[in-house]
Amino acid sequence: MKSLAELEEIRKKTLEEIKLRTAKGGMRIVVGMATCGIAAGARPVMNAFIEELKKRNLSDVSVTMTGCIGVCRLEPIVEVINPDGSKVTYVKMTPDKAKRVVAEHIVNGRICADLTIGAAEQQ
Amino acid sequence: MKELSSHFLDIIENSLKACASTISLSICAHIDKNLLEAVIEDDGIGMDAETLQKVSDPFYTSRKTRKIGLGIPLFREACLASGGTFEIHSELGKGTRIRACFEISHVDRLPLGNMGETVVAVVCNVHFKRLIITLSNSLERFVLDTDQIKKIIEPVEISNPEVLCWLKQYVDENVNKIFGGVLDEITG
């Protein structure tokens, strides 16, 4: 069973890791989580991002949720915002695609072009 | 929506948009009455009587990105489909309270679903401040207050992935403990 006592361990461990922060810091992942997003499966997508970030120790990348972006038919929608403010919009996301975005875009800086809204609109 | 927990997330998001600083979600299984009761309460900006009348209408929404709002109508339908009841009360400047009841053994009652994911998603909202969750059956009770967690982990943020993964498991384990064997879908 998980207990509140474990949180103290997590706190200590995290504070030590903060000293080792990487250049990935400041990246933000924003998941659309209005009625349309939730119904399309945004919640497991968000969870996949969080688990993948934890696995890779990327504690300085933030995951947040937002409301409806306005293109409900392409949900679940995820925006990855770079530290310079530039933004990539990924559409029709799944937990597996989320893992790919972390590996390719967040870690290696290569945008997953085939998953972007631009690619979806060309079809 | 396939799960009650998805509806809870959707409704709580309304609370967050209404600038609530404390949101409480309490889920109670009244086994003797075959009733699952969920109450979502916030201290947000609330609604006036006129707005309150419109919220169950799918063609009403306060947002500007699209013209329909299905959150409350869908949740209400899910309650009524399972032989339950749905009530919403709100007062301008004070907050909103939704009480939804479901017949536990009704064939159309949605499963509770993944509560851990719902809690994590709420905590990740930029407007999130405090969530108090109470899970209970006739004998046992579990309470989680995110302020208590924030206090323990300070200065680490609650949105830290490590903390979120712990939080998800902590919630799921306690859902199993309280509702295992009580709700058919949870073996405990």
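Residues in region A:17-32: is at least one of a type in the set (A, V, I, L, M) and within 7 Å of chain B (Cβ to nearest Cβ)? No: zero hits. Annotation: of all residues in region B:167-184 being more than 9 Å from chain A (Cβ to nearest Cβ) and without any contact (Cβ under 8 Å) to a residue 24 or more places away in the chain, the one that is farthest from B:Gly113 (Cα to Cα) is B:Gly181. Of the residues making up region B:175-188, just one is at pLDDT 95 or above and either assigned to a loop (DSSP other than H, G, I, E, B) or within 18 Å of B:Val122 (Cα to Cα) (or both), namely B:Val175. Does region A:41-63 contain at least one residue that is more than 14 Å from B:Val163 (Cα to Cα) and at pLDDT below 90? Scanning region A:41-63 turns up no residue that is more than 14 Å from B:Val163 (Cα to Cα) and at pLDDT below 90.
Sub-6 Å Cβ pairs linking a first residue in region A:70-97 that is polar (S, T, N, Q) to a second residue that is modelled with pLDDT of 95 or more, at least 6 apart or interchain, are A:Thr89/A:Glu79; A:Thr89/A:Ile117, ordered by first then second residue.
Considering region A:47-106, the residues that are in a helix (DSSP H, G or I) and small (Gly, Ala, Ser) include one that is farthest from B:His127 (Cα to Cα), namely A:Ala103.
Would you check which residues across region B:63-86 are at pLDDT below 80 and surrounded by fewer than 18 Cβ atoms within 10 Å (Cβ to Cβ) and list them?
Initial filter on region B:63-86 (at pLDDT below 80): B:63-69.
Listed by number, the residues that qualify are B:Arg63, B:Lys64, B:Thr65, B:Arg66, B:Lys67, B:Ile68.
Entry remark, region A:79-98: residues being hydrophobic (A, V, I, L, M, F, W, C), within 11 Å of the chain's Cα centre (by Cα) and closer than 18 Å to A:Gly26 by Cβ number 2 in total. Residue pairs whose Cβ atoms lie under 7 Å apart, sitting 6 or more positions apart in sequence or on different chains, and linking a residue in region B:149-164 that is facing chain A (nearest Cβ under 7 Å) to a partner that is in a loop (DSSP other than H, G, I, E, B), are B:Ile149/B:Ile158; B:Ile152/A:Leu4; B:Ser159/B:Cys124; B:Asn160/A:Ser59; B:Pro161/A:Ser59; B:Glu162/A:Ser59; B:Val163/B:Val156. Scanning region B:13-23 for any residue that is assigned to a helix (DSSP H, G or I), more than 11 Å from chain A (Cβ to nearest Cβ) and touching a residue at least 24 places away in the same chain (Cβ under 8 Å) turns up at least one such residue.
Could you identify the single residue in A:Ala103, A:Ala42 that is within 13 Å of the chain's Cα centre (by Cα) and within 12 Å of chain B (Cβ to nearest Cβ)? Let's see the steps before the verdict.
Values: A:Ala103 fails: within 12 Å of chain B (Cβ to nearest Cβ).
Checking each option against the conditions leaves just A:Ala42.
The values are calculated or read from the model by the stated rules, or taken from the named source; none is laboratory data. In this text, all values refer to a predicted model and were calculated from it rather than measured experimentally. Don't worry about glycine lacking a Cβ; one is built from the backbone with ideal geometry, like all the others, and counts go over all protein chains shown.
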